[in-house]
Every structure is written in C-alpha cells, then in structure tokens.
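Scroll down for the structure; my scribbles are underneath it.
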Amino acid sequence: MEIEKWSDIAPSFIKVPITAYKYRTLIQKWWKKSLAYANLGDTNIVVLGRPSVGKSVMMAYLYRESNDLSWKLPLASKDVETGTLTLGDWTKLIRVVPGQDLTKRYKGINEAFNQHQQLEGVIYVANWGYTDVWNVTQKEQMIENGVDNIEKLRITNLAGELEDFKFICKKIQETFAIGKAPKWLAIVVNKADLFFDKNELDTAQAYYHPKGDSDFSKIIQQLMEQVGEQRLKCACIPLCSYEKDLEWNGDTVKTNLRGEENRKALAMNFFKIIANF
Ligand SMILES: Nc1nc2c(ncn2[C@@H]2O[C@H](COP(=O)(O)OP(=O)(O)OP(=O)(O)O)[C@@H](O)[C@H]2O)c(=O)[nH]1
Ligand SMILES: [Mg+2]
C-alpha cells in the first residue's frame, strides 16, 4: 500500500506543494478520550520497541499533549501506558509496552498478544539507530567497549533492533496460530529529524521497507510468508515526535527538520496510513 518515497512526503523536498490541508479533517478527529474506562478494556493497538526509541514521546505527540507548555520529556517508562485515540466513529485502545523493564515488557506483550481478544494493530517503533541509552553506567560501559561515536552507536542499535524485531515478529506469528492475529503491522521510524536529508530518508525507507532486501526487510518477508500476505497488512512510516539533538561521547547529530510543516506532513502521512489499514 505504501508507494510514496519518504522524501516526497515532506514539503522541503518536493517541487509541487502538496495539499497541506488534505487530511485536516482527519487529524481533527484524532484525540485522546477519557481514560476512565481504558484500563478495563482489551488492547486494540499495541506499541512496541526498544528502550528510548521514542514510544512515549510519540504517543504524547499524537495525543497533542507535548504541545502543552507544561509538558516535560518523560523518563524511561516503568509500566504499560494506556490511552485511547478516536478517529471518526471508532475509538481504539492503545497500550505502549515499556522497553527497559523486562518483567513489565513481557507481561505487556503477553497481555496484548495472548490474553486480549481485540488486537487489531501493532506499531513497532524503530529509529534508524539514533537511540540513546537511559542507563548512565550502561552508557559508560558501551563507550569503554569502543562504541565511542554516533556511527558506532547506530550500528550497535540497528543490530539490537533486528534481534528485538525478530522476537516481536515471532510473537505476531504465534498469534496467527491461536486465532488472535492483528490485522496490521506499522513500523514507525521515529526521530526523522536526525536523518532529515533526502538521501538518508530514502536510504532509511529502503532499509525498513517490507519489500526491500535489507536484513530488516527479510524479517518482515519471513513473517509474511509464514502468515500469508493477505492476512497482515504492513507499512513503514517515518515520523518526528520531538526535535532534539543526539549527543554521544562528545559526538552530536543535530536535529534538522527544516520547518514545522515537515513535521506536520509526516504526522499527516502517519494518520492517513493508520486510518486506512
Ligand atoms: N531527535 C528526536 N528525539 C526524540 C524523538 N522522540 C523521542 N526523542 C528522544 O528520545 C528519548 C526517549 O523517548 P521516549 O519516548 O521516552 O522513549 P520510550 O521508547 O518510551 O522508552 P522506554 O520508556 O524506555 O520504553 C526522549 O527523551 C527524547 O530525548 C524524536 O522524534 N526526535
Ligand atoms: Mg516510554
């Protein structure tokens, strides 16, 4: 379903201006509903990904909470975070599974995939290797072990992401065997502000593309072969939830989104794809 080049989504790179308001009404309909009943309900959409890839910040952005002046960046999540999003006449219950706390992580994954009856979609958050490490001691250890610049950090993160994604795909595959399968899988490639360059965006797209030939693409293809391509829709989507430089051992990658309209275009593209699954 996804044909657009990532660099064609953002106004900065395209020659003909897109209809900026094309999806306006669609966006207006997304909001966070009262959490009053949320903790009781079954998960419709589960958000997964390694620690610090930006899951909580992404949800705050999609809920438009992060626009609030009093909003602060969250710390590492200690528990599953529940929210709801409404689009038109449907409301979806979304649960974000924390990356760091292994017990809570496995519990969250197990609940969404094995216990709940209403799982429709899986959002796997990735970020092209631009992941910082929450734990200071772990960070120092990595630097000591030679991961001393951002390029090396990216390589380490991408390897970790492959393993993590493989594990999640195995879980998804198992849901098909027990008749609780989700209908779609979205790979959100977050922190696009750190690789917001025409070539790098398109290189990242090729890497995460369901039909590509990267190691990541191959994991998706293997899953599709196992479950049947018609039974699980899949797309990868670039996003920026928050603009921030990435600093690692004195090496810095600057946030470079070149204007708020690019961020909006990415968000609109996200909503368009999710709404059409
Ligand atoms: N440049 C940039 N940084 C981001 C973006 N989104 C998140 N970050 C950074 O990534 C950090 C981690 O984001 P979180 O959303 O807390 O990460 P998480 O995936 O929820 O991590 P866990 O709670 O450990 O599972 C934030 O504190 C920001 O510094 C983004 O779109 N761009
Ligand atoms: Mg979190």
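Read the figures in this text as sums done on the coordinates, not as results from a lab. Given the structure is predicted, the values throughout are model-derived calculations rather than measurements. With ideal geometry, Cβ positions are generated from the backbone for all residues, glycine too; neighbour counts draw on all protein chains shown.
Of note:
- Taking amide H as placed 1.01 Å from N in the peptide plane, G49 has its amide H under 5 Å from the amide H of V125, each at least 5 places away in sequence or on another chain.
- Annotation: amide H-H contacts under 5 Å for K233 (H modelled 1.01 Å from N, sequence separation of 5 or more, or interchain): W184, L185.
- Among F277, V227, Y61 - extreme Cα towards positive end, dipole of the chain, charges at beta-carbon: F277
- A dipole drawn for the range 182-258 from +1 and -1 charges on Cβ atoms has a positive end, and of Y208, L246, F195 the residue lying farthest that way is Y208.
- The range 6-276 - percent relative contact order, Cα under 8 Å, separation 6 or more: 22
- Cα gyration tensor shape for the chain, rounded if a/c is under 1.5, else prolate or oblate: rounded
- For the range 224-234, 3J(HN,Hα) per residue [Karplus equation, 6.51 cos²θ - 1.76 cosθ + 1.60, θ = phi - 60°, Hz, x = Gly/Pro]: 4, 5, 6, 9, x, 4, 6, 8, 9, 7, 9
- Checking every one of the trypsin sites (Lys or Arg not before Pro) in the range 163-252 against DSSP loop status and a limit of 12 other Cβ atoms within 10 Å picks out K183, K211.
- In order along the range 98-103, phi translates into HN-Hα couplings of x, x, 8, 7, 5, 5 Hz, rounded to whole numbers, per the Karplus curve 6.51 cos²θ - 1.76 cosθ + 1.60 with θ = phi - 60° and x for Gly and Pro.
- Amide hydrogen proximity for T84: with H placed 1.01 Å from N in the peptide plane, the residues at 5 or more positions away or on another chain lying under 5 Å are K33, I94.
- ³J(HN,Hα), Karplus 6.51/-1.76/1.60, whole Hz, each residue of the range 235-244, x for Gly, Pro: 8, 10, 9, x, 7, 10, 9, 6, 8, 7
- M268, M58 arranged by Cβ crowding within 10 Å, fewest neighbours leading: M268, M58
- Charge dipole (debye, nearest 20) of the chain; +1 at Cβ of Lys and Arg, -1 at Cβ of Asp and Glu: 940
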